[in-house]
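Worksheet: the structure to be examined is printed underneath.
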C-alpha cells in the first residue's frame, strides 16, 4: 500500500467508555475500519501512520440495530471495527487527553 491508502483503511477512532477503559488498562485502541480491510492492512496502516508497534489485531463486524421513530421502523447501518493491541510503552497521540 502507498501512503494515501493507509488513511482509507482507518475511518475513525472509536471513543466510547469501553474503548477508553481498554486503552488505559490493556494498551488497546479501537478504530472503525473499511469493510474490505483485513488484519494485515489494519496493522500496517496503524504502524505507518502513528509510528508504533502493533502486537495484535482483532476485527469484528458489528451488525445494524433495528430502530423505530414513531410509526416508521428500519435498521441502522452496521460497521466493521478493529481492536488493535500495541507494544508496551507505545501510545497513539490522538487518544491522549490534552490539559
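The values are calculated or read from the model by the stated rules, or taken from the named source; none is laboratory data. Just so you know, these numbers come straight off a predicted model, no measurement behind them. Note: ideal-geometry Cβ built from the backbone for every residue, glycine included; neighbour counts use all protein chains shown.
For (1) farther than 20 Å from residue 5 by Cβ; (2) modelled with pLDDT under 95; (3) in contact with a helix residue (DSSP H, G or I) (Cβ under 6 Å, 6 or more places away or on another chain), each residue gets a yes or a no:
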| site | (1), (2), (3) |
| --- | --- |
| 25 | yes, yes, no |
| 32 | no, no, no |
| 40 | no, no, no |
| 51 | no, yes, no |
| 56 | yes, no, no |
| 61 | yes, no, no |
| 84 | no, no, yes |
| 88 | yes, yes, no |
| 97 | yes, yes, no |
One residue from 52, 9 being touching a residue at least 24 places away in the same chain (Cβ under 8 Å) and closer than 14 Å to residue 94 by Cα: 52
Residues (in a helix (DSSP H, G or I) and touching a strand residue (DSSP E or B) at 6+ places or on another chain (Cβ under 8 Å)) located in region 42-99: 42, 43, 45, 46, 47, 49, 94, 95
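Report whether or not residue 76 is surrounded by fewer than 17 Cβ atoms within 10 Å (Cβ to Cβ) and at pLDDT 95 or above.
Criteria not met by residue 76.
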Number of positions in region 20-49 that are loosely packed, with under 13 Cβ neighbours inside 10 Å, closer than 18 Å to residue 89 by Cβ and touching a residue at least 40 places away in the same chain (Cβ under 8 Å): 1
